[in-house]
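The values are calculated or read from the model by the stated rules, or taken from the named source; none is laboratory data. This structure is a prediction, so every number in the text was calculated from the model and none was measured. Using ideal geometry, Cβ is built from the backbone for each residue, glycine included, and neighbour counts are taken over all protein chains shown.
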Amino acid sequence: MLYSEKVMDHFNNPRNVGVIDDADGVGEVGNPICGDIMKITIKVAADVLTDIKFQTLGCGAAIATSSIVTEMARGMTIQDAVAITKRQVADELGGLPPVKMHCSVLATDGLKVAVDDYLKRTGREPIAGEILSENPAFDPHGEEDEPADTAEACEL
Ligand code: FES
């Protein structure tokens, strides 16, 4: 499988790894198929993400997409941050192999859950919409151009 140079860079040198101790919001999500998990913590001021960190226990694509999403979201409003799509995450990395597109769902979902947690803590309504990885009917491989054997794809 051919990963882009940028994917390899973010996998080998992930940005913003860790946990913000006094976070304003926390998002923890898991991929129901492969069992990979991700945690995002955020600091928010006037609805702008001022800091963001992640911890991901998962495949190379999950780590790279988590890393890039923290760079994309830092400085964004919470409204813009929850609108980041898995396609945008993949494009920002110079593309992902089709069988690894589903891995970027963890990154966007983790961010969404963290933003909604922040809003909940401040007594406001959630804005993130559907959290794909929490939907039991969600098929992580369903949108792939060339559906691959699930177990094989998750090993890569
Ligand atoms: S997120 Fe599990 S295989 Fe990539």
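The set of residues in the range 5-35 that are among the acidic types (Asp, Glu) and part of a strand (DSSP E or B) contains only Glu28.
In the range 50-79, how many are of a type in the set (Ser, Thr, Tyr), within 14 Å of the ligand (Cβ to nearest atom) and in a strand (DSSP E or B)? Selection size over the range 50-79: 1. When the range 122-143 is filtered for residues that are in a helix (DSSP H, G or I) and of a type in the set (Ser, Thr, Tyr), only Ser133 remains. The sole residue among Glu125, Glu92 that is surrounded by 17 or more Cβ atoms within 10 Å (Cβ to Cβ) and either of a type in the set (Phe, Trp, Tyr) or modelled with pLDDT of 85 or more (or both) is Glu92. Residue pairs whose Cβ atoms lie under 9 Å apart, sitting 6 or more positions apart in sequence or on different chains, and linking a residue in the range 35-48 that is within 16 Å of the ligand (Cβ to nearest atom) to a partner that is of a type in the set (D, E, K, R) and not in a loop (DSSP other than H, G, I, E, B), are Ile37/Glu28; Met38/Glu28; Met38/Asp109; Lys39/Glu28; Lys39/Lys53; Ile40/Glu28; Ile40/Lys53.
If you go through the range 75-89 and keep only what is crowded, with 17+ Cβ neighbours inside 10 Å and among the basic types (Lys, Arg), you end up with just Lys86.
Filtering the range 80-121 to residues that are without any contact (Cβ under 8 Å) to a residue 24 or more places away in the chain, farther than 23 Å from Gln55 by Cβ and assigned to a loop (DSSP other than H, G, I, E, B) leaves only Ala83.
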